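Working notes for the structure below.
The values are calculated or read from the model by the stated rules, or taken from the named source; none is laboratory data. Keep in mind the model is a prediction, meaning the values are calculated, not measured. Glycine also receives a Cβ, built like all others from the backbone with ideal geometry; neighbour counts cover every protein chain displayed. Note: accessible area is taken over every heavy atom of the protein model, side chains too, but ligands, DNA and RNA are not part of it. Shrake-Rupley method; radii C 1.70, N 1.55, O 1.52, S 1.80 Å.
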Amino acid sequence: KAGVTQTPRYLIKTRGQQVTLSCSPISGHRSVSWYQQTPGQGLQFLFEYFSETQRNKGNFPGRFSGRQFSNSRSEMNVSTLELGDSALYLCASSFEGSDEQYFGPGTRLTVT
Amino acid sequence: QKEVEQNSGPLSVPEGAIASLNCTYSDRGSQSFFWYRQYSGKSPELIMSIYSNGDKEDGRFTAQLNKASQYVSLLIRDSQPSDSATYLCAVSVIQGAQKLVFGQGTRLTINP
């Protein structure tokens, strides 16, 4: 079974731009969660989608948003990028009813 | 107080010895507990999950949970250099909510 895939793997953007990251979950997994990982803050929960609906949201500003499609693929968008948004963005998928989350390889975003 | 706390290390263990990693959590209602391994430059990989008090063994890994003390640990027996990584403790407060709270991670080095 293929794992979680994320595209692109690396991105370099400038302040003020926006970015869209994509995540395809493991086949059969309908829940997709997004996390931000930085050296200072560690892994922090952004939001979670299930059946095209956002079920949970972390403590991030409204510049961070996401959506999920009917095939469970998910995208997250960050608008008006700031230098502090430089991070590894991780997507994780899980089977319905399970808390076990499986991570994709991540997208390394650098904001200059 | 952080919700999930781990000793950041580094923890240095000789090859063949037992590595012991510890984690405490603040929310007494937490339901599910996980250990992830993260190699440098890679994404977290789920290695153990535990839901009830006691020990759970999987190969060289043993997870231990004590809900009364709000304490989770991971033992790695017969440590190998390939076990050198950062180990992340994660807790799900609400079962099925798909929102994991992570500790900062413990960096483990196995010395040949």
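Lys/Arg Cβ at +1, Asp/Glu Cβ at -1, dipole of chain B taken about the Cα centre: which of B:Met48, B:Gln31, B:Gln80 is farthest positive-ward?
Sorting the options by dipole projection puts first B:Gln31.
If you roll a 1.4 Å probe over the heavy atoms of the protein chains, what accessible area per residue do you get for the protein assembly as shown, in Å²? Please report the intermediate quantities before stating the final value.
Numbers: 10470 Å² over 224 residues.
Solvent-accessible surface per residue comes out at 47 Å².
Return a single number: how many Lys pairs in the protein assembly as shown, at a sequence separation of 8 or more or on separate chains, have alpha-carbon atoms below 21 angstrom apart.
Details: A:Lys1/B:Lys42; A:Lys57/B:Lys2; A:Lys57/B:Lys99; B:Lys2/B:Lys67; B:Lys2/B:Lys99; B:Lys42/B:Lys99; B:Lys56/B:Lys67; B:Lys67/B:Lys99.
Qualifying lysine pairs in the protein assembly as shown: 8.
Of all the accessible heavy-atom surface of chain A, with the other protein chains kept in place and a 1.4 Å probe, what percent is carbon and sulfur?
48 percent
With a 1.4 Å probe on protein heavy atoms only, tell me which residues of the range B:64-112 lose at least 50 Å² of accessible surface in the complex relative to the chain by itself.
The answer is B:Gln98, B:Lys99, B:Leu100, B:Phe102, B:Gln104.
For B:Gln70, what charge total do you get from the other residues with a beta carbon under 12 Å from its beta carbon, if Lys and Arg give +1 and Asp and Glu give -1? Mind dumping the intermediate values first?
Values: positive: B:Arg28, B:Lys67; negative: B:Glu3, B:Glu5, B:Asp27.
Net local charge, B:Gln70 excluded: -1.
What is the percent carbon and sulfur in the accessible area of chain B, measuring with a 1.4 Å probe over the protein chains and ignoring ligands?
Numbers: 2410 of 5240 Å².
The nonpolar share, carbon plus sulfur, comes to 46 percent.
In percent, what relative contact order does chain B have, based on Cα pairs under 8 Å that are 6 or more apart in sequence?
38 percent
Taking K and R as +1 and D and E as -1, what net charge do the other residues with C-beta under 9 Å from the C-beta of A:Cys23 add up to?
Once all neighbours under 9 Å are counted, the net charge is 0.
How big is the A-B contact in terms of buried accessible area, both chains counted, 1.4 Å probe, rounded to the nearest 100 Å²? Before the final figure, lay out the partial values.
On the way: alone 6040 and 6100 Å², together 10470 Å².
When A and B are taken together, about 1700 Å² of accessible area is lost.
Given a 10 angstrom Cα cut-off, can you work out which residue in B:Gly54, B:Gly41, B:Gly16 is the most mobile in a GNM of chain B?
Of the options given, B:Gly41 has the highest mean-square fluctuation.
May I ask for the net charge around A:Gly106, where only other residues with Cβ less than 13 Å from the Cβ of A:Gly106 are counted and Lys, Arg are +1 while Asp, Glu are -1? Please list the in-between numbers first.
On the way: positive: A:Arg9, A:Arg108, B:Lys42; negative: B:Glu45.
Summing Lys and Arg as +1 and Asp and Glu as -1 gives +2.
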